[in-house]
Ligand SMILES: CC(C)(COP(=O)(O)OP(=O)(O)OC[C@H]1O[C@@H](n2cnc3c(N)ncnc32)[C@H](O)[C@@H]1OP(=O)(O)O)[C@@H](O)C(=O)NCCC(=O)NCCS
């Protein structure tokens with residue numbers, strides 16, 4: 001990823017549809033973040049630490065704000081509108097040399113299988129193309145993670161292939177399925 005110092009443009013209002021509302025993380029989300037990340041399925045498939053406490057959750061939120069100010073990534077807290085609580089996160093890390101971004105997401109256990117990830121990814125992709133002006137959004141998914149692959153498919157992403165031993169991931173090397181979406185895709 002390149003170092004870009006221009007802050008990402010702010011959003012005038014939260015990104016929203018009938019299922020989710022997406023806004024920037026705030027320090028007040030720390031307790032909910034700790035609670036949600038107790039579910040081992042989140043650290044199992046994502047870079048979220050598996051020992052998050054209130055202090056490290058606040059630090060995690062501060063790093064998200066800093067990354068946005070530095071123009072490196074945009075991470076949204078996803079509010080599950082049916083429950084009115086933090087239902088997940090969804091964001092994109094930018095590579096301005098390629099004018100592309102890598103999206104990422106997780107959904108809290110009580111909010112799963114209700115279309116939350118698909119809705120969040122749809123809104124994120126629109127933000128990435130329309131607000132950030134990216135020309136490609138990609139996903140890197142563990143070949144064993146069937147649920148995430150279903151989200152990619154539901155979000156209109158195209159599977160491009162699998163990179164072998166693509167990246168270090170929590171003490172092992174991970175193969176990555178690459179999925180992409182372009183502004184011209186239907
Ligand atoms: C993967 C994850 C984000 C899915 O979130 P979700 O809100 O339940 O997903 P949605 O309700 O939007 O479902 C989207 C599609 O995935 C399918 N799906 C969801 N969970 C699934 C599962 N466990 N197994 C198979 N398919 C699944 C849904 O049926 C739906 O398919 P459809 O469009 O054909 O109906 C969630 O399970 C999660 O956070 N897992 C742990 C973290 C993780 O894997 N993050 C992604 C790392 S790449």
Item to check | Filter pass, residue 133 being free of Cβ contacts under 8 Å to residues at least 40 places away in the same chain and over 18 Å from residue 74 (Cα atoms) | outcome: no
Checklist outcome for this item: Taking segment 95-113 and keeping only residues that are closer than 15 Å to residue 32 by Cβ and not in a loop (DSSP other than H, G, I, E, B), one is left with 106, 107, 109, 110, 111
Checklist entry - Within segment 143-160, is even one residue out of contact with any strand residue (DSSP E or B) (no Cβ under 9 Å at 6 or more places or on another chain) and closer than 21 Å to residue 15 by Cα? => result yes
Checklist entry - Filtering segment 99-121 down to residues that are surrounded by fewer than 24 Cβ atoms within 10 Å (Cβ to Cβ) and farther than 23 Å from residue 29 by Cα, which residue is nearest to the ligand (Cβ to nearest atom)? => result 102
Next on the checklist: I'm told residue 90 meets every condition in (1) modelled with pLDDT of 95 or more; (2) part of a loop (DSSP other than H, G, I, E, B) except one. Can you identify the failing condition by its number?
Outcome noted: (2)
Checklist entry - Is it the case that residue 80 is more than 14 Å from the chain's Cα centre (by Cα) and within 12 Å of the ligand (Cβ to nearest atom)? => result yes
Checklist outcome for this item: Sole miss for residue 8 among (1) surrounded by fewer than 19 Cβ atoms within 10 Å (Cβ to Cβ); (2) part of a loop (DSSP other than H, G, I, E, B); (3) within 18 Å of the chain's Cα centre (by Cα) is condition (1)
Checklist entry - Any residue in segment 137-148 that is in contact (Cβ under 8 Å) with a residue 12 or more places away in the chain and more than 18 Å from residue 105 (Cα to Cα)? => result no
Checklist outcome for this item: Checked against (1) closer than 13 Å to residue 181 by Cβ; (2) within 12 Å of the ligand (Cβ to nearest atom); (3) surrounded by fewer than 21 Cβ atoms within 10 Å (Cβ to Cβ), residue 157 satisfies every condition except (3)
Checklist entry - Under the condition of being near the ligand (Cβ under 6 Å from one of its atoms) and touching a helix residue (DSSP H, G or I) at 6+ places or on another chain (Cβ under 9 Å), which residue from segment 122-153 is nearest to residue 165 (Cα to Cα)? => result 141
Checklist outcome for this item: Within segment 45-81, the residues that are farther than 25 Å from residue 139 by Cβ, modelled with pLDDT of 95 or more and outside any helix (DSSP H, G or I) are 53
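The values are calculated or read from the model by the stated rules, or taken from the named source; none is laboratory data. Keep in mind that this is a model prediction, so the values were computed, not measured. Glycine also receives a Cβ, built like all others from the backbone with ideal geometry; neighbour counts cover every protein chain displayed.
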